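Report on one structure; see the data block that follows.
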Amino acid sequence: MKPFGLVVPVLLLLAACASRAEPSRQVDTVGIAPALVVERFLQAANRQDLETMARLWGNSEGLVIDRDPRSEVEKRLYATALILRHDDYEIQGERIIPGRPDALQLIVRMHIDGRQVPVAYTMVRSKNGAWLVESVDLEAITAGR
């Protein structure tokens with residue numbers, strides 16, 4: 001009976017600890033969220049998943065797919081996906097964009113066809129707070145082909 005007598009209090013103690021509410025903390029996602037958006041965008045580009053790319057591409061007003069005709073957006077994203085096809089990538093840095101507090105630039109070293117190309121991604125926070133890919137320096141990739 002003694003082992004059982006110890007198990008119940010221990011289980012009650014663990015349950016009390018597990019259910020205790022912790023105060024929520026605000027996390028600064030400025031350096032995190034844009035990188036995750038670029039990661040998802042690049043994964044979608046490699047899969048030619050135009051729908052996912054469209055949900056990550058826009059400007060401060062919102063998604064491009066909500067503004068422009070779907071056929072136009074899909075054509076632009078298809079061409080973009082072909083250029084962005086890569087073997088690997090790494091985010092090397094982040095820069096502010098003077099005069100644009102809602103935007104920043106990520107420098108992504110992309111491994112494409114045996115080359116390593118630094119590519120600038122302009123990221124913007126939309127009016128609903130989501131980070132979106134606003135533009136990609138595709139010329140950095142195509143210039144060496």
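What follows draws every value from the coordinates through simple rules; no lab data is involved. Because the structure is a prediction, the values reported are computed rather than measured. A quick note on method: Cβ atoms are made from the backbone with ideal geometry, for glycine too, and the neighbour counts reach across all protein chains shown.
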Original post:
With the Cα gyration tensor of region 26-142 giving a ≥ b ≥ c as the square roots of its eigenvalues, does the rule (a/c under 1.5 for rounded; else a/b larger than b/c for prolate; else oblate) give rounded, prolate or oblate?
Top reply: oblate
Original post:
Tally Lys and Arg at +1 and Asp and Glu at -1 over the other residues with C-beta under 11 Å from the C-beta of R55: what net charge comes out?
Top reply: -2
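So what's the net charge close to A130: Lys and Arg +1, Asp and Glu -1, counting the other residues with Cβ under 13 Å from its Cβ? Walk me through the numbers before you get to the answer.
Numbers: positive: R40, R55, R125, K127; negative: E61, D66, D102, E134.
For residues surrounding A130, the net value is 0.
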Subject >> Dipole of region 26-142, positive end: most advanced residue of M123, Q48, Q92 [Cβ charges, Cα centre] >> reply: M123
Original post:
What order do you get for V37, V136 when you list them from fewest to most C-beta neighbours inside 10 Å?
Top reply: V37, V136
Subject >> Sorted by Cβ density within 10 Å, fewest first, the residues S71, S126 >> reply: S71, S126
**OP:** Fewest Cβ neighbours within 10 Å first, please rank E74, E61 accordingly.
**Re:** E61, E74
